[in-house]
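Contents: one structure, followed by commentary.
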Amino acid sequence: MQAIVAVGMPPSIREPQLYLTVVLASRIYAISIEAVKEIVSYRMLTALPRMPDHMRGVIERCGAAVPVIDLASRLEQARGKVTRRTCIVVAEVALAGASLDVGMVVDGASEVVEILSEHIEALPPRDPGLAPCVTAVAGGNDERSVRILDVDTVLSPSDLTTLRQAAVAGREASATAA
């Protein structure tokens, strides 16, 4: 998609940001389209032992295991029922100079929307125990607002450590079996 740039307009108006909107428990969340790699139908996940509750398991994608989290659980909401609209949004997450593909279970993916930066309002800092991945809102701070997710903070540092340990254990088990 090419952006049409109008001469003399402020940059925030010239360059709206594109977001994929997803639904969780009747609320709308937005994920930067730059981070989204693909949207796949929900399918059975391979569970991993000793994972936090919001980490549901892994799926195979292009020959690699992709960790999948339940986004509702990560945002401290009740897990929704799996329906025909339930899907997994695979996004690229930045981690200390590297990147990792992470799947996020959502109730449904809606559409790609443009949001002007002037309509985005940062949320004030909050308790680190609360879901830090919701960093801003667009369209006010009420039930109809769109909550913007920072996918780079969907996984906590302890989640990353747990995933690394699981990956090492999986490689060791594979080597032993061979």
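Descriptive notes on the structure:
- Phi-derived couplings, Karplus 6.51 cos²θ - 1.76 cosθ + 1.60 at θ = phi - 60°, listed residue by residue for segment 69-79: 10, 8, 4, 4, 4, 4, 8, 6, 10, 5, 5 Hz, with x used for Gly and Pro.
- If R0 equals 35 Å, the separation of the Cβ atoms of His119 and Ile39 corresponds to a calculated FRET efficiency of about 0.90.
- Phi-based couplings in Hz for segment 33-46 (Karplus 6.51, -1.76, 1.60; Gly and Pro marked x): 5, 5, 8, 6, 9, 6, 10, 10, 4, 5, 9, 4, 9, 8
- Table column - 3J(HN,Hα) (Hz), segment 101-113, Karplus curve with 6.51, -1.76, 1.60, x for Gly and Pro: 7, 10, x, 10, 6, 10, 5, x, 9, 9, 7, 9, 10
- Taking amide hydrogens as placed 1.01 Å from N in the peptide plane, the amide H of Ser110 sits under 5 Å from those of Thr21, Val22, Val23, each at least 5 positions away in sequence or on another chain.
Values quoted throughout were computed directly from the atomic coordinates according to the rules given, and no laboratory measurement underlies them. Please read all numbers here as calculations on a predicted model, not as lab measurements. Note that we place each Cβ from the backbone using ideal geometry, even for glycine, and neighbour counts take in every protein chain shown.
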